[in-house]
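The block underneath contains the structure these notes are about, expressed in structure tokens.
The values are calculated or read from the model by the stated rules, or taken from the named source; none is laboratory data. Computed from a prediction, not measured in an experiment: that's the story for all the values here. All Cβ positions, even for glycine, are placed from backbone atoms using ideal geometry, and neighbour counts span all protein chains on display. With ligands, DNA and RNA removed, areas are computed over all heavy atoms of the protein, side chains included. Shrake-Rupley method; radii C 1.70, N 1.55, O 1.52, S 1.80 Å.
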Amino acid sequence: MKVVIFAGGMGTRISEESHLRPKPMIEIGNKPILWHIMKIYSSQGFNDFIICLGYKGYMIKEYFFNYFLHNSDVTIEVKNNKVNVHNTNAEDFRVTLVETGLNTRTAGRLKRIEEHLKDEDFMLTYGDGVADINLRSLLEFHNSHDRTATVTAIQPTGRYGMMQIKPDNSVDVFKEKKKDDESWINGGFFVLRPSVFDHLPANADEIMWEESPIQSLAKMDQLRAYQHHGFWKCMDALRDKYELEELWTSGNAKWKLW
């Protein structure tokens, strides 16, 4: 089963880093977050990737073009450009890199890689989110219902604390905001059937996947949610990168399933 990864956005909310490189190439533990996402999949047997490129996509191409060399011990005979590889630590990835446009929105990026998928179910996720998700369980759930799409639903932890204030303005309770049992959001990690392309309009380049396509699937009863109760984190802003970096360096990276 192929895995499609959105990696073409400009990452404007993390511009401190993204002005130099595409957001999926921002590093956590000296590896691009894109690598971490691919390792989540490959560690569970999904090694065939289609990367939707856009902003500074050439940097992602160069990364994978040189990946084998950068992860190998080699002897190079400069005079005749002969390279002898002694051993390599390169992962067993198969990577298709597709230019999907600089300003194309996510629905359009998905539509533009249709030809690479044939008539088969596939997975889809974003190039900035990691999780300790059990992909086999996700796939089993997807196969258990006769619907076009499965989205992984997660409960975000509140970023701010909560206060209860008495009539005299004294604080009765102050506590950290916990996960809201009633609130679920789109966490990526989709599984989709080929019929999903029927829900992408002709002007898909101008539309976000999260807008009318997903809404259309929901209205037509073609969307099911897989509830993930474990770790999930999106690198939306610089503070998120710092939090992920701290988890990695401290040995508490729950998404490290390999």
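A few remarks follow.
Quick grid of which residues meet (1) crowded, with 20+ Cβ neighbours inside 10 Å; (2) touching a residue at least 40 places away in the same chain (Cβ under 8 Å); (3) under 19 Å from residue 154 (Cβ atoms):
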residue	(1), (2), (3)
211	no, yes, no
221	no, yes, no
225	no, yes, yes
228	yes, yes, yes
231	no, yes, yes
242	no, no, no
246	no, no, no
258	no, yes, no
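- Residue list for segment 93-127, restricted to those being open to solvent by less than 30 Å² (accessible area, probe 1.4 Å), out of contact with any Leu (no Cβ under 7 Å at 6 or more places or on another chain), closer than 14 Å to residue 7 by Cβ and in a loop (DSSP other than H, G, I, E, B): 101, 104, 113
- Residues in segment 189-200 that are loosely packed, with under 15 Cβ neighbours inside 10 Å and in contact (Cβ under 8 Å) with a residue 40 or more places away in the chain: 194, 195.
- The residue that is modelled with the lowest pLDDT, among those in segment 171-188 that are open to solvent by 60 Å² or more (accessible area, probe 1.4 Å), in a loop (DSSP other than H, G, I, E, B) and of a type outside the set (Asp, Glu), is 177.
- Residue 30 vs. criteria under 24 Å from residue 249 (Cβ atoms), open to solvent by 50 Å² or more (accessible area, probe 1.4 Å) and either in contact (Cβ under 8 Å) with a residue 60 or more places away in the chain or out of contact with any Ser or Thr (no Cβ under 6 Å at 6 or more places or on another chain) (or both): yes
- Residues that are aliphatic (A, V, I, L, M), assigned to a loop (DSSP other than H, G, I, E, B) and under 19 Å from the mean Cα position of the chain (by Cα), drawn from segment 208-258: 208, 235, 237, 253, 257
- Candidate set: segment 83-92, residues that are outside any loop (DSSP other than H, G, I, E, B) and not hydrophobic (A, V, I, L, M, F, W, C); chosen: the one nearest to residue 2 (Cα to Cα): 88
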